[in-house]
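Read the figures in this text as sums done on the coordinates, not as results from a lab. This is a predicted model, so every value here is computed, not measured. Every residue, glycine as well, gets a Cβ built from its backbone with ideal geometry; the counts of neighbours run over all protein chains shown.
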Amino acid sequence: MKTLYKYGKHPWNEYWMTDHVKGNPVLLIVIGGGWTDGDFTNGNLKGVERLADQGITVAAMRYSTGNVYPIPVHEVRACLWAVRKRTNGKITLLGASAGGHIGYESTALYNGWRSLWKWLPMFKAADKFIGLYGAYYNSERFFKPDIWDRLKVYYRGRVGKSPGDMYRAMNKTPTMFIHGRDDTLVFLSHSLVLARRMGVLLHQYDGEHGKPIIDFEKEIVDFIRA
């Protein structure tokens, strides 16, 4: 069963979560939406609750649509803190598409606070990260033109440092990337370049952008339990 909870004051600051069993790992999903739509009802979440049958608590967050950088990055941090307080479990953050960009940036940013986590636990980053056909480089050559235009709006026309360039901050966060070889929206090169720089696992699949998350059930479960 899923229950809806709040993690902030904004009407869209909410997340749903399956029933939690003490000791179970947690998967928190940041859906995609092209930096314009953070509504989890529009994400490719169909069937993802069945991961709960394998002893994984599943949660998916909603973030305030239309908000620009850095608001969604901090909303991910706030939701992580709310889920951690509720479950006291190890959390794997899965970011899909634009959610991969936002989730990776949030993880890398708050990894920089690692020395303060003992005193400021609300700023603790995720324990693990999965990037699913995510965008990590703020460069036009990595995107289909209309997707690049959306990213520029998200950054209010001032496209800054790429989350992918923050990879050194991820060196203590176990990470896995999943990306389609035929992705024409967010090119495979995003994950290919970053996985090589970080020295982490990249699972490539035959197919386009936006496959349902549950299609990668085995890869996700194996990574969380490793």
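Key figures for this structure:
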item	result
Inter-probe distance in nm under a simple model that places probes 7 Å from Cα toward Cβ, at residue 115 and residue 171	1.4
Residue (of 68, 107, 93) at the positive-pole extreme of the chain, dipole from beta-carbon charges	107
Where trypsin sites (Lys or Arg not before Pro) in DSSP loops with at most 15 other Cβ within 10 Å are excluded, longest remaining stretch of the chain	182-226
Length added when fully stretched, residue 141-residue 12, from 0.36 nm per residue minus Cα-Cα	43.2 nm
Convex hull volume per residue for the stretch 21-75, taking Cα atoms only, in Å³	79
Cα shape, the chain, gyration tensor, a/c 1.5 rule	rounded
Using a Förster distance of 35 Å, the FRET efficiency for residue 122-residue 149 (Cβ separation, nearest 0.05)	0.50
Sparse-neighbourhood loop sites, chymotrypsin sites (Phe, Trp or Tyr not before Pro) in the stretch 55-125 - DSSP loop, at most 12 other Cβ within 10 angstrom	119
215, 19 arranged by Cβ crowding within 10 Å, fewest neighbours leading	19, 215
For 139, 191, order by how many other beta-carbon atoms lie within 10 Å, fewest first	139, 191
Environment charge at residue 202 (Cβ cut-off 12 Å; Lys +1, Arg +1, Asp -1, Glu -1)	+2
Student exercise, the chain dipole from Lys, Arg, Asp, Glu Cβ charges, in Debye to nearest 20	1040
Distance between the stretch 67-94 and the stretch 98-142 - C-alpha centres, whole angstrom	10
